[in-house]
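Engineer: Before I ask anything, let me first share the structure, which is written out below as structure tokens.
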Amino acid sequence: MTVAISIDIGGTTTKIGLVTPSGKIIAKNQFDTWKGNSKNAFFNNLFEAIGKLIIDIDFEDIKGIGIDAPSCVPQEGIIKGASNLPLKGEVPIVDILAIKYKKEVYLCNDANAAALGEGKFGNAKGMSNFVVLTLGTGLGAGIIVNNEVLTGQSGLSGEMGHITAIRNGRQCGCGRKGCLETYTSATGIKRNFLAQLAESNLPSSLENLPLASLTTKKIGKAAKEGDENAKKAFEYGGKILGEHLADFVHLFEPEAIVLAGGVAQVGELLFTPTINALFDNLLPNYINNIQVLPSALGENEAALLGASTLVFQ
Ligand SMILES: [Zn+2]
């Protein structure tokens, strides 16, 4: 059976899967991206994890290797300036793996991989124009235009998280202020909740929780149980997201916007304000032609599946 080795390099965890051409993940492995806290340790951990996965399969059956990562330049096969990975400077990851395994190696941006996975196997299957937003620690966008991934000149397109949502707004990790992801991402929702708590006199089930243990998941749970402050954190994040999605729709006219990633799993709490703000800001001609959909794939599977499509394309 032919398989691809898919590698999804994330800021917290690196996941590896053996994926068939029909999108079945037949084996998985993962390791802490920061284990050992150096480039050498990262590659040793990666080789070990791959070794364990391929021990029982015929080496000839491996068609190639697909990798997705943040901060990469696919055309050059390198990861470059990655602030959230232990891979500093320029790392020629494609060459390193090609030399080690003597297979074809492909690289793409993590949000683009999620879009490829969603388009081939998920809720955007069969669509030619769509965008997948990954709402995780940050906010990324994989944009498909006329069946092709929009890469930009060096693979950097789709940094939707750093669109200015509010001029001179919240400080962003990128050094600028008011970026969309400071309002609509896991960290953004947390900041919305804390701002709401400071402004409001409503009680909250989370107000005695130590700050370090506050997570978007807990805010989502509290919101579902009726916590008004928690609900408003998602309402505000969704409103800002929807307003900017309207700008996006006016530019690209996609068939669908897929909201993926951990924050999107909260469901209606985020989808309803997002869709309302989107439709409130759209020109009438667009309103009947756009859907906002959840991801149909497992939280961590879209990117793994998408990276495999690079191998089988
Ligand atoms: Zn930013």
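The values are calculated or read from the model by the stated rules, or taken from the named source; none is laboratory data. Quick caveat: nothing in here was measured; it's all calculated off a predicted structure. Please note: Cβ atoms are built from the backbone with ideal geometry, for glycine as well, and neighbour counts cover all protein chains shown. We work out accessible area using only protein heavy atoms, side chains counted, and drop any ligands, DNA or RNA first. Shrake-Rupley method; radii C 1.70, N 1.55, O 1.52, S 1.80 Å.
Engineer: Please verify whether residue 226 is within 16 Å of the ligand (Cβ to nearest atom) and assigned to a loop (DSSP other than H, G, I, E, B), treating the condition exactly as stated.
Structural biologist: Criteria not met by residue 226.
Engineer: Working carefully through the options 259, 278, find the one that is part of a strand (DSSP E or B) and closer than 19 Å to residue 132 by Cβ.
Structural biologist: Matching residue, one of 259, 278: 259.
Engineer: State whether one or more residues within segment 101-124 are farther than 30 Å from residue 50 by Cβ and of a type in the set (A, V, I, L, M).
Structural biologist: No, there is no match, as no residue in segment 101-124 is farther than 30 Å from residue 50 by Cβ and of a type in the set (A, V, I, L, M).
Engineer: OK, next. Out of segment 144-175, which residues are within 23 Å of residue 80 (Cβ to Cβ) and either in contact with an Asp or Glu (Cβ under 7 Å, 6 or more places away or on another chain) or within 14 Å of the ligand (Cβ to nearest atom) (or both)?
Structural biologist: 156, 158, 159, 160, 161, 162, 163, 172, 173, 174, 175
Engineer: Sticking with this one: Those residues that are open to solvent by 80 Å² or more (accessible area, probe 1.4 Å) and among the aliphatic types (A, V, I, L, M), I need them from segment 159-218; list them, please.
Structural biologist: Within segment 159-218, 198, 211, 212 qualify.
Engineer: One residue is enough: does segment 128-149 have a residue meeting the conditions assigned to a loop (DSSP other than H, G, I, E, B), touching a Leu at 6+ places or on another chain (Cβ under 6 Å) and aliphatic (A, V, I, L, M)?
Structural biologist: No.
Engineer: Ok, one more. Any idea which of 12, 20, 33, 2 is of a type in the set (Ser, Thr, Tyr) and over 24 Å from residue 299 (Cα atoms)?
Structural biologist: 2
Engineer: Residue by residue through segment 46-65, note down the ones that are within 29 Å of the chain's Cα centre (by Cα) and either in a loop (DSSP other than H, G, I, E, B) or loosely packed, with under 11 Cβ neighbours inside 10 Å (or both).
Structural biologist: 51
Engineer: Check residue 68 against each of (1) assigned to a strand (DSSP E or B); (2) closer than 19 Å to residue 261 by Cα; (3) open to solvent by 40 Å² or more (accessible area, probe 1.4 Å) and name the one condition it does not meet.
Structural biologist: Single failed check for residue 68: (3).
Engineer: Could you please find all residues in segment 186-208 being among the small types (Gly, Ala, Ser), at pLDDT 95 or above and within 16 Å of the ligand (Cβ to nearest atom)?
Structural biologist: 188
Engineer: I'm told residue 237 meets every condition in (1) closer than 24 Å to residue 117 by Cα; (2) in contact (Cβ under 8 Å) with a residue 40 or more places away in the chain; (3) surrounded by 15 or more Cβ atoms within 10 Å (Cβ to Cβ) except one. Can you identify the failing condition by its number?
Structural biologist: Condition (1) is where residue 237 drops out.
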